[in-house]
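Everything on this sheet refers to the single structure shown next.
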Amino acid sequence: MQGGSGQNSGSIDKTRVLDVKPLRTLEPVFPNSGQATSFDGACPTGFYSFFPFGASQGPQASPPRVPMPTPLRSFRSSDTGEAEFPGASNGENTDSHAAPNKSKSSKKKPKISQDLQVDVSSLLGIGKNEREDGNRELVILLLMTFDGLRRRISQLEDSKELTLGLSKRADMRAGNILMSAGIRTNMRKRIGAVPGVEIGDIFFFRLELCIVGLHSQSMGGIDYTNMGAKNESDPVALAIVSSGKYNDNTEESDILIYSGQGGDKGDDQKLERGNLALDRSLRQKNDVRVIRGMKDQMSSTSKVYIYDGLYKIQDSWVEKGKSGGGVFKYKLVRVPGQPRAFAAWKSIERWKAGIASRTGLILADLSSGAEKIPVSLVNDVDDEKAPGYFTYLHSLRYSKSFIVSNPYDCCNCQKDCIPGDLNCSCIRRNEGDFPYTGNGILVSRKKLVHECGPSCQCFPNCKKRVSQTGLKYRMEVFKTKDRGWGLRTLDPIRAGTFICEYAGEVIDRAKVSWNGNNDEYVFDTTRIYHPFKWNYEPKLFEEAGLNDSSEDYNIPSPLIISAKNVGNVARFMNHSCSPNVFWQPVSYEENSQTVVHISFFALRHIPPLTELTYDYGITRSDSTVSQSTPRWKKKCLCGSSKCRGSFG
DNA sequence: GGAACCTCAAAGAA
DNA sequence: CTTCTTTGAGGTTC
């Protein structure tokens, strides 16, 4: 039964591998797709301008690739037959084969690290200098690379295509692949700020902190070093992660009471290691980076970490702990003059709880109940009272003529669609991949993501209906300083999270008047979009044996949506040349017709109060647009270092 | 749905 | 090179 699509997916994989250019293609710089060549932007550098692209040519062109000893991914197709890896015995218990290092190296530790055959770190532009000292682009690149790997591993684990007999820890495996390949930065230990990491940045895994060099202990709460202290033999504290475990909270968000480490069995904590470092830093008065961890309100199981900037240790004492032993306490006070981070979160909590009022609040719910959670309208910049009139609609309005494809077979899954179950027609339609991870995070970009719809047999809470559940995060429409109204989030958002769809009326191309600003509030998939890679380096995935579903960058499905008269929050999202949101066509069946929607997903982690932006693309200057109308452009005010100057 | 417990872990320091 | 230290995050149970 799995035969058909199993083979199918196998062949898809092959094309994909072939499709992966041996060189880091630097898409934006040297466009290699038809779509990209028509891009006429002046400075299409995207994130990766720092790549020494000459270097990317070298390492792979010449040395023939030695195949991975045992690619993790080798079992993907092995359950439909061992053709690909005759050596692998049958699918079921992959464990003994999946960890080849287990038998080779010491008995206890099944080492999962991969020795990558190709120096992927240099493909990513990470040389010795970058490993030592970071910069903003590198930090963003690394975080995105990490999460792309993590999502892919998670996806494979969910569909049982990847098991190592270990607990499901995609974060650790992704981290391990990067760390062992030297794909990391800021390894040089330093007191104070870390280049490329900004106050307010958020993280969802401890390993992310390691990779960007903010806090190098993978678990330990106190990062310290022996270098840099006045007295050479003494350690100094560099960074702490306050996990909330020890009741570190105080009422004032600029003060942190931090507990020392050790002594959990009722013993007294000792003045050694991290505790000693904190003690010495108290005397030396050096800056200590503080990362505050707290529960992620969206998923009770996971945690969010926020970098709250520099603190100084002001005091320390010993208290009796819960289990009777002495516990060191350290009082940390935030260095003044830094941007608000943790404190801002606290304020948001109070607004959301209705304890404190929001300055400039005009409307508590712009959607008038159309969304399940309120969308506030705020202006603390000037006295404009509201954006132009429109009707709030949470989804698409379309007429019959725009429905392109025919209805398809809905799946017959009981309750939930199970990742890896190729009997599910909706999964088959996604080339055998379950497009989302268990907690509803998009794994990679596709031409089209197929979701289950109302006629599918699975329950409405099936994990393949991510984009049909409306807003989940608190959003705020707000007046920007110079770009009219904008949209921002009040909640932290993880990379890959569905944010909202572009709601409005599906319209005919002829109805769009292209002169003047009449196409404001129009979304058009046929514009020319700045190509970008979300899961950056296909080579890395391939090397790690993960067969990256090399992402589709050519997104078809011509669709024009006008949100001028009716629409949702998406109509307020502004353009940016280095955006934090991207769009993705998603289809599902409604009223016996397949309808394509445009869904927005978080490109990277987005801290609260950050404006949400996506790339508007460029109007195609082809025959469908009247030649008499001059193409207009708007001056871009996105303020990004990669700004292309204009858009539209 | 969520607290309370259990378990296997990775990286750096020693 | 090994051992030790740390506690994160997923799983299970009630």
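We did not get these values from a lab; they are worked out from the coordinates using the rules stated. Because the structure is predicted, anything quoted here is derived from the model rather than measured. With ideal geometry, Cβ positions are generated from the backbone for all residues, glycine too; neighbour counts draw on all protein chains shown.
Loop-only check: which trypsin sites (Lys or Arg not before Pro) in region A:412-495 are DSSP coil with at most 12 other Cβ within 10 angstrom?
Values: sites: A:LYS415, A:ARG428, A:ARG429, A:ARG445, A:LYS446, A:LYS447, A:LYS463, A:LYS464, A:ARG465, A:LYS472, A:ARG474, A:LYS479, A:LYS481, A:ARG483, A:ARG488, A:ARG494; in loops: A:LYS415, A:ARG445, A:LYS446, A:LYS447, A:LYS463, A:LYS464, A:ARG465, A:LYS472, A:ARG474, A:LYS481, A:ARG483, A:ARG494.
Answer by residue number: A:LYS415, A:LYS481.
Size of region A:202-352 along its principal axes in angstrom, Cα-based, largest extent first?
46, 34, 28
How big is the Rg/Rh ratio for region A:300-370, C-alpha atoms only, Rh by Kirkwood, two decimals? Numbers along the way, then the final one.
Details: Rg = 18.8 Å, Rh = 16.3 Å.
That ratio is 1.15, to two decimals.
Here is the link list: A:LYS295/A:LYS329; A:LYS372/A:LYS634; A:LYS189/A:LYS270. Which ones come out longer than 28 Å on Cα distance?
Values: A:LYS295/A:LYS329 22 Å; A:LYS372/A:LYS634 35 Å; A:LYS189/A:LYS270 24 Å.
Going by Cα-Cα distance, A:LYS372/A:LYS634 fall outside the 28 Å limit.
I'd like the distance separating the alpha-carbon centroids of region A:434-473 and region A:560-593, in whole Å.
If you average the Cα positions of each part, the centres end up 16 Å apart.
Packing-wise, with mean Cβ within 10 Å as the measure, how do A:179-186, A:265-272 rank, highest first?
Working: A:179-186: 21.8, A:265-272: 13.6.
Packing order, densest peptide first, comes out as A:179-186, A:265-272.
Roughly how many nanometres apart are two label points built 7 Å out from the Cα toward the Cβ at A:VAL381 and A:ALA193?
Going from the A:VAL381 label point to the A:ALA193 one covers 2.5 nm.
Could you state the number of Å between the C-alpha centres of region A:283-361 and region A:170-201?
Cα centroid to Cα centroid, the span is 21 Å.
Would you list A:CYS500, A:CYS452, A:CYS643 from fewest to most Cβ contacts within 10 Å? Working shown, then result.
Numbers: A:CYS500 25, A:CYS452 28, A:CYS643 16.
If I rank by nearby Cβ atoms, fewest first, I get A:CYS643, A:CYS500, A:CYS452.
Output wanted: per-residue J couplings in Hz (rounded whole) for region A:301-315, from phi through Karplus 6.51 cos²θ - 1.76 cosθ + 1.60, θ = phi - 60°, x for Gly and Pro.
7, 9, 10, 10, 10, 10, 7, 9, x, 9, 10, 10, 7, 10, 7
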